[in-house]
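Have a look at the structure below, then the notes.
The values are calculated or read from the model by the stated rules, or taken from the named source; none is laboratory data. These numbers come from a predicted model, not from an experiment. Neighbour counts run over all protein chains shown; Cβ positions are idealised from the backbone, glycine included. Quick note on the areas: whole protein, heavy atoms, side chains included, nothing else; ligands and nucleic acids left out. Shrake-Rupley method; radii C 1.70, N 1.55, O 1.52, S 1.80 Å.
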Amino acid sequence: MTTGAPQKWSDAQLSHNRIASLMPPLPVQYLAFIALSLALVIYQAWTRRKSSIADLPGPKPESLLLGSVREHQHDEVGAAELKWRAQYGDVYRVKGVLGTYRLFVSDPKAIRHIHHSGYIIRKQPFRIELSRLLVGAGLSTVDGENHRRHRRINSPAFGTNHALGLLQKLSKVWQEKLKAEDSIVVDTPQYFSKFLLDVIGEVAFDYRFGASDGDTAGFSAALSGILPQIHAVPSDMQLFIFGLMEILPAKLMQLYMRHAPTAGLRNSRRVHNIITNVARRLVSEKTADLAAGKAKRDILSLLVKANASENPRTSLSEHEMLSQMHTMMQAGHETTANTLSWTIFELSQRQDVQNKLRAEIHEMERVMRARGQTEYTWTEFDAMPYTIAVMKETLRYHPVAFNNVREAVCDQVLPLSKPIVTKSGETLTELPIAKDQIIVVSVAAYNRNEDVFGSDASVFNPERWLDDTVRTDVQLGPYANLMTFGSGHRACIGYRFAVYEYQTFLVELVKNFRFSMDPEVVKRVRRNPTGVLMLPILSGERTSRLPVHITSVDESATT
Ligand code: HEM
């Protein structure tokens, strides 16, 4: 399977676009809004007390207007953070737009405070607002007591036993499809994204979107294209406006987000409307099913029941129910699809790892055949140490959600694993931070922290999970001490399901297929920061693409 020719940009064009994008044709009201906001922010900066982190070491800003934002956002994921971490340690400050300070953190103890102290550190309001344009008031965009209520309602749907049955059914479908095509070039991000959207459709909504069969309603096309459309290589003007939004008073920021005539925001509203229409149709079908006594434990059934509930602790309004459907559709497939793409990327370059993985899978299949078992359960999955090691290593090395941006709700003190020395020579064993401080939890840098993952943390090496290299006493994240699924009360609610789905798919693929990539193409692969997700992009191109050569595996082969 191949996709149509991607749009290519030469480096000269990219650089021209960056310059041109500083001066896009803008309506007068829009310019007036920016001028007003700028005046306000400069006034705030003028009157603001000195930041408590100003004396921390950190990189010299590239420019007065953008600080170091361009270096952070235009480089590959993690490039700037790993460089800064090597220079300044696990806690340092970076200048943002108009001289604001951002605290970058990859220290495990500090991260634990940030993610495990309840709601005294919150998701950044600007990012919540951006997500709300797409999903409304769902689990990922509500805070405090509302967030607790949403988690309470949604949690029962993520029991692994429930997911297990559905995935076993889907595994057979995948096998048939994949066996039908035996020597092909597959653009993995596109392929996995559509397939996994269908999985979410079945698991969450008991509904078949048909994305992998060719979408007729335009729904999956709209959904699959969200990230590249909204966040393709941000121009300097976009970076500046995003930075401005982070420091504007909430009301002004919301006004901008809801009404600004930019292509990205218009597209978010368009996609939101398409999905809302689909969600309403699914709700009315599910309501009829439930009324007819056809009860199920998919997420939508739970949501519809919550909508009908009169208990305020477990009820959801219609808007919240639709928002939660948006959230599941969007949080649940691109993340896993891209994790799989990065796995195949690593395997394509490491035939040794691929062979070892395949040998373990074939061995497990032999054992299962001998006892007359045809389908995997958790018991078999848990008994595949090398497969699990490859999965953990990919989740560590390629965390698709690479930054968690937070904001302090009140003044507080951040505990530290190691002391830090300020620019003026003071040694700090804990760090006071002020209300409103923006904090970037650097998942990409934490996941390569040598103190936690061993001295070779900067290389892809699944073996680290099979010896005692990885520290187990850190207690971060719901899976393998990784920050890939977040941590604490906002950690990924779908992580067990995602891990199971990931293993099912990986076993199925590696069992049947061998992967390789053209070395010249490998050189062009970039870990691109596309909004909140890290997608594979070939240098000079604008949309996510990873062409992988696939051939069939002889079932009897074990190496
Ligand atoms: C490899 C796959 C996945 C990765 C790497 C991933 C990563 C994450 C991360 C990092 C967060 C926390 C964000 C934060 O703290 O700001 C999160 C939250 C969330 N994830 Fe996942 N996720 C994955 C799969 C899934 C799946 C399959 C689902 C649903 C079916 C899902 C649903 C959610 C939801 C609803 C939240 C919001 C939780 C809350 O705010 O309480 N995710 N995910």
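Here are the numbers:
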item: Residue count, the range 402-441 (criterion: crowded, with 20+ Cβ neighbours inside 10 Å, within 16 Å of the ligand (Cβ to nearest atom) and assigned to a loop (DSSP other than H, G, I, E, B)); result: 1
item: Filter result (near the ligand (Cβ under 8 Å from one of its atoms) and within 16 Å of residue 384 (Cβ to Cβ)) within the range 497-515; result: 499, 501, 502
item: Elements of type helices (runs of 4 or more DSSP H) contained in the range 211-252, each with 3 or more residues being at pLDDT below 65; result: 219-224, 226-231
item: Neighbours by Cβ (under 7 Å, 6+ apart or cross-chain): first from the range 346-359, farther than 19 Å from residue 503 by Cα and at pLDDT 95 or above; second not in a helix (DSSP H, G or I) and not β-branched (Val, Ile, Thr); result: 349/517
item: The range 190-211, residues that are in contact with a Lys or Arg (Cβ under 7 Å, 6 or more places away or on another chain) and open to solvent by less than 10 Å² (accessible area, probe 1.4 Å); result: 198, 201, 211
item: Residues (in contact with a Pro (Cβ under 7 Å, 6 or more places away or on another chain) and hydroxyl-bearing (Ser, Thr, Tyr)) located in the range 70-103; result: 88, 92
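Residue-wise test of (1) touching a Ser or Thr at 6+ places or on another chain (Cβ under 8 Å); (2) within 16 Å of the ligand (Cβ to nearest atom); (3) at pLDDT 95 or above.
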{"site": "458", "(1), (2), (3)": "no, no, yes"}
{"site": "462", "(1), (2), (3)": "no, no, yes"}
{"site": "467", "(1), (2), (3)": "no, no, no"}
{"site": "472", "(1), (2), (3)": "no, no, no"}
{"site": "482", "(1), (2), (3)": "no, yes, yes"}
{"site": "491", "(1), (2), (3)": "no, yes, yes"}
{"site": "495", "(1), (2), (3)": "no, yes, no"}
